[in-house]
1. Residue B:277 versus (1) closer than 18 Å to residue B:212 by Cβ; (2) modelled with pLDDT under 95; (3) not aliphatic (A, V, I, L, M): which is the lone unmet condition?
2. Only one of these is away from every other protein chain (no Cβ under 14 Å), under 23 Å from residue B:247 (Cα atoms) and at pLDDT 95 or above: B:182, B:169. Name it.
3. Which of the helices (runs of 4 or more DSSP H) found entirely inside region A:470-569 contain at least 1 residues meeting this: touching a residue at least 40 places away in the same chain (Cβ under 8 Å)?
4. Can you tell which of A:175, A:221 is part of a loop (DSSP other than H, G, I, E, B) and at pLDDT 90 or above?
5. Out of B:317, B:271, which single residue is among the small types (Gly, Ala, Ser), closer than 23 Å to residue A:385 by Cα and more than 11 Å from chain A (Cβ to nearest Cβ)?
6. So, in region B:197-225, of the ones that are away from chain A (no Cβ under 14 Å), in contact with a helix residue (DSSP H, G or I) (Cβ under 8 Å, 6 or more places away or on another chain) and not hydrophobic (A, V, I, L, M, F, W, C), which residue ends up nearest to residue B:264 (Cα to Cα)?
7. Take the residues of region A:38-86 that are among the aromatic types (Phe, Trp, Tyr) and part of a helix (DSSP H, G or I): which is nearest to residue A:151 (Cα to Cα)?
8. For region B:298-321, enumerate the residues that are modelled with pLDDT of 90 or more, among the basic types (Lys, Arg) and in a loop (DSSP other than H, G, I, E, B).
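The values are calculated or read from the model by the stated rules, or taken from the named source; none is laboratory data. Note that the coordinates shown come from a computational prediction; the quantities given were computed from them, not determined experimentally. Here the Cβ positions follow ideal geometry from the backbone for every residue, glycine too, while neighbour counts run over all protein chains shown.
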Amino acid sequence: MNNYSIATVMAALALTAPMVSHAQDPLSSLGQVKKLSGAGRADEALALCEQVLKRYSGNGAMAKQFAYLMPFYAYEKGEILRTAKRYDEAYNAYKEFRDSAKWKDKALLEKAKAMLKDRMPEAYAPYLTQCIFQMGHCRYLQGAGDAKTPGVAAKFDEAIPLLEEYLDLLKKNKVSRTERQLKLDGRVCFLLVQSYLLKPQPDFKKAGQYLDLSRKSKGRVPDDLAMTGLGTIVKVATQNPENAGWIYKVIESSPASYRMEPLRAATHAAKFLNHGVKAASVAGKSMGTNPEMALEALRSANALLGLVPDVREVSVNLVDNIKGLGKYTGVISDPIPGTSYSAARQKKTFASYKNMLGNNQNLEGLAIMYTGNTALNVGSTRLGKAGFQVLADRYPNLSSGVKKDKDGKPMEKDGKPVLNELRNTIFMQLSQLCYATGDDEGGAKYEKRVDGASLEGGQSKSLAFNKLRRILSQQQWAEVIPAAEAVKNEYKDNPSNKFYATAQYSIVAAYYKQQMYDELIPAARELLGGKILVAGEGKDALTAKEVATYGSQGYYFLIDAYMKKARQDAKLYDEAIAVFEEFAKTFPSLSMEENVMVHHMHYNVADAYLKKAERTVDEAAQEKLKEQALSYLKVITDNWPKCDYYPTAELLTASVNIMKDDMAVKQSAIAALERATDAALAMEDGKSTAANALYWLASYGKEIKNEGESDDAQAARVKGYVDRFWKEADYEGNSFALQMVSEMLATVKDKESFAAAVERARTVIGREATYNHNQNQAEPELEKTINAYVKSYVAGSKTYDGKELTLEEKTQHFTNFPGIQPTDKYARAIFRMAQIRAMNEELKGLEDETAKNKMTNDIQATFREMTREFRPDDLTNFICVQVGDYLVRYVSEFPKPSERKDEINLATTYYDKVLERKGDMQGEAQLGKANALAFSGEADKQKEAEVLYTQIASSPSAAVSAPALMGLTKLHLSSGNAAAAVETASKYVAVNRTKNNDRLDMLLMLGEAYAKSGKVKEALQTYMNLYNQNKGNISYSAPACKAIMELFWERNAPASGDRLKGNFKASDRWNAWNTGQQYVTLIKRSNLLDKITPAERDAYNAVENLLNKYKADAGVQKEDKANRDFQSQLKKR
Amino acid sequence: MKLTNLIGFAAVLLCCAPFAGAQEDGAKQDKLRAFVVKGKSSGYLLIENAGGKNKFQYIPRGSVDQKVEDDVKNCTVFKLMTPADLVDALGEFRANDLDAARKELAGVRKKYDHYLGLPENPAAIAAVYELKTAVRQKDWAAVPGLADSLPKDDPTLNDFDLTMAKVAPVVAAAAAGGDAAPVEAMLADKELLKSVSSEVYGWLCYAHACALEAKLKGGVTAENAKTANEAIDRFCQCVVSHHGVAPELPLDAMKRAMNLLWNMPGVQDYAKSAKAPLDAKAWAGAPANFRDAAAMAYLLKTVYAPEAKDEVVDKIATYYYNAAKDRKKED
């Protein structure tokens, strides 16, 4: 109220009122009272009221004249005191007004109405009922308290009857028209809702009744009342969470009070947000234990967050309003909505908003974040993600305000406030939630925007671990290592923490998946070292089960790594075995449920022992190793008949036992193969194992009879194996099918078996050739089978069908073999070469010159045709090498390979094409070319071969370096360079420990090299070792024995020493004879002679012939007689 | 302002003396008072009407019908008082009684249209809120007309209001199943978005989602799952952008997101094999979209629309599992 207006009114009233001095003027005093009260000078305002009331009381003329104004002063006392928050005094002042009979005087009221009819038709009539409300209002305010003064809940009990009394008056229309127009019932109900909720004994039923009434009323409650009530209820709800639902009910009871337009909301926005956060916190904490309460709190949180205005929109509104108020310093009231405008207040609010915007403290952004998070807490990942997505898109630099230190003071750095920035949280949460909803692209994109360096404690740990988890789930093994190392770094102070352990385990697994075994081994050792896999208590500790899982898996990775590396370095099989022993000590249980890797480990250790045995020269040691392997295989077959390893374990057991001499053991092998077959066929992918087992059954079954089994029964059993093979175990890519076919072709005995073999061969050859062609690989068995087919087909056509096939017919058949793809150059080349081979063999058997000439011409024609069809330019490197190798093998079968110049030259053209083109198969091409050139009789070509062999001999690939050493040794031997041959052969034998024919061939060559270089002792040693360890293998024992005999005979050292003294040493020549004698006796007794091949027979015969020659020597006979005489004399003693 | 500060009210009436030379006539209901400060004088004037942008007309004291025109620019302060019918209409709007609000706002707009052109005039305010109400009601047919008829030159409207008027028709078109491109263009327009409030951003998200959803003709398949995912995300962004303000669009958005999630590949297959309510193991093993659909249904049923009866929501909510009870307590 401004002075100007008062002066005007007073001027207007001057006509009706006597002139009074300013000091005594009751109208201007009223304005003065208001001014003093507004300035906080309550006592002065009260004093002035009292002064006026005193002055104009009584019966004087002035008192009578201004008596109608006195109720205003009396009521104003209550207003002054209420404004000053002196509620007890205000209550008493209102009560005094209510109880005063003076103010109820009708005549006085009528006079006041008459005097103020133009301005206030009802004069002070509203005060007569308003005072009841104000009494209740004072008690309510005492109950609610404020920021500085705690409320006294008991006051609500006093407020309620007064407010209800007033409400009753409103309902019965026993109030002034002014009050009716203001529609106060809703507001009074609103106050009653709060009073019933907040009083010491809350009455929720009554509160609910007034809530419903309040909703039906229109209008809004003034801001301070609304905010005070809300603040109180939030405070109570935070302390007693079961009341959290009342927050949203109070808001819903008077939505217009709380859903404010931007200017009003501006002042209260921070409170709405803070209240919302508190309610959200109640919801979050109680969701797990009391979901009903949590959901009520969540509704309240949503209601509160919905009241937060948009900071930018508010700022724009504030700017417009401040501009509209200009330099006006007063307060403008807008009575109907009950709003007031003050430039000073709005500037202050705007300053705080400007500050917030400067600090990126967008309140609505924070409201969005809490809305998303509360939904996430309930389980909606999408809503949680949406919250962070909107923040990333609209408020990427959001902060929740200035950070405070431990004393609660705002922090500063370089004069600027230190903000609680949420950027990293936003992007980290968004990235993780993107991954959780399957949006990996989004996850990776936002993860990159996280500034890992500025993440704090738990956040950086979370980020690192979630990144690792994501990479693991996507199986990006190369990326696992650095991600896991980052996690380890976060938890480096506690290596037995489960995150650290998981990271280390992930490293081991990633190395395994990438086949990086050198790196895997130390990583696995670190995992298993005892510091990481330690069970403990607490949420971040490993459980005993987790320790066992990681540990047993770690051992598996480790043993498998050693097994893979051992293929290059056989010494590592010992490491693999040592790993198993550690494992068995740590995890002794044989239960697959308890010890999930136990069967894998047993299989690996058995495999390690078997592989070691293969590379062990000493037979006794070899047997021991095999027995070890068998013991572990037995654990598998005894304990885990359903596991995937079972069929292979039976198969491997059978592979060892079937080679033993004991028939009962051999029979047990047959039984094992049968079990392997049954078990393998019961598995989804067991056909290859079953095919292997059935092939061995079909092969060995012919030799091994069951106890009491007749020949017919045995034949039927074997037929059963064959039938079962084709019916149940055959499949595309089955190399055993080729072997079965080869065997069928080799055992053709009549027209029927010939037809069956040819039919089966055509199906299998066509299928397997196509399969291998599509896989771009060579199958050695295919070559053998095609060779067998060609030979059998040509011979069989003649023998059983009476058909002598012409060259054209042969060419037509082999060129257009059913099932062979026209693009399969490899298979077609094999067929052509096989045809040439078969024709060469036929040539050998011809006697007629005409026939011989014709056959020679046919062979050459076929050969020319082949060179035209298979030009190196048209073939891949792989096929070129295959064709070249095929030609080299073809050449090697001739007694004088050096005469096959055309084939040798042709072979080198294929290899040269590969070498010229570079690319793959370079080592193989070099080896092949060296092999081809080595067959040539020409010195320069042989020199070239030597150069090539020497180059390849140092290749890291044993597949080429070993054959190169072999080829080089042969060259050195053939060129007379025995010393060089010793060197290369020794190198081969030292490195290539696998006991196979190549090694045995090299041992023979080593012996020869030693002998040719004059090192008789070493030669004898080499041959004797070879002989002693391979007696049953006539291909090698016979030549070795012969060589020993010849060396002894050649050396011819005389006998020395004295038989009687015990130092007698037999003569070399006697030893020569004796060695042969022992060998021949052994072989004859072994029944091997019936089973050996013609080549082996020749080798044995050579020994026997030499024996007979030495036997006839007089010196030998004499020495032998002396030995026998001495022995018989010894017996007589 | 204190509740029923009748003394204040009385003071206002007492002080509501005529501005020097101005006639007062409080009887006509479509006439508004304005608090005016000009030079050293201040007080309330009864404004007859606007006389153009920022120009007002009043009848001076002593004159019957001789209007005097003045300019707001000549005044330090010109503040129109708010009529009760606008307060009531806005009360309906805030109490979510949208039908009543729309009717009353239309009435206010018409009644006080002679004040258009003056700052904070009720006709312009009513027009803004009428448009907002139409959007909240999803009355897409009416939105373009209302947006078009907004007095864009009026000093009452600020950048946020003007941007809203630009955005609303685009939102209406897309929300009715139209092309997504215009709304996508707006979502990418950083300059435009500076004057877009959080709620209006929520409108854009809603509209974009609707347009994307319209592309899923014949349902969600593996081929269009990416579009469905985008729509779900946009619906959810509508919900959070509103953060509790104006429940209508967020509620619809949540239901549509829930339905889309429920129709994502694999979700209903899992539901067929699952037994409601799920246990911890089944919940952990459920597809993410299944869990989200169930959680959203649960939120709709218990928090966002507990009074509404929706069979589909009820059915999906039965699968919900409260995983919060399994989380270890924070230290």
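1. Status for residue B:277: all satisfied but (1).
2. Working: B:182 fails: under 23 Å from residue B:247 (Cα atoms).
That would be B:169, the only listed residue that is away from every other protein chain (no Cβ under 14 Å), under 23 Å from residue B:247 (Cα atoms) and at pLDDT 95 or above.
3. Values: elements: A:477-490, A:498-513, A:517-528, A:544-566.
Of the helices (runs of 4 or more DSSP H) lying wholly inside region A:470-569, those with at least 1 residues that are touching a residue at least 40 places away in the same chain (Cβ under 8 Å) span A:498-513, A:517-528, A:544-566.
4. Details: A:221 fails: at pLDDT 90 or above.
That would be A:175, the only listed residue that is part of a loop (DSSP other than H, G, I, E, B) and at pLDDT 90 or above.
5. Values: B:271 fails: closer than 23 Å to residue A:385 by Cα.
On inspection, the qualifying residue turns out to be B:317.
6. B:213
7. Initial filter on region A:38-86 (among the aromatic types (Phe, Trp, Tyr)): A:56, A:66, A:68, A:72-73, A:75.
Subset that is part of a helix (DSSP H, G or I): A:66, A:68, A:72-73, A:75.
Working: A:66: 40, A:68: 38, A:72: 30, A:73: 29, A:75: 25 Å.
Looking at residues that are among the aromatic types (Phe, Trp, Tyr) and part of a helix (DSSP H, G or I), I get A:75.
8. none
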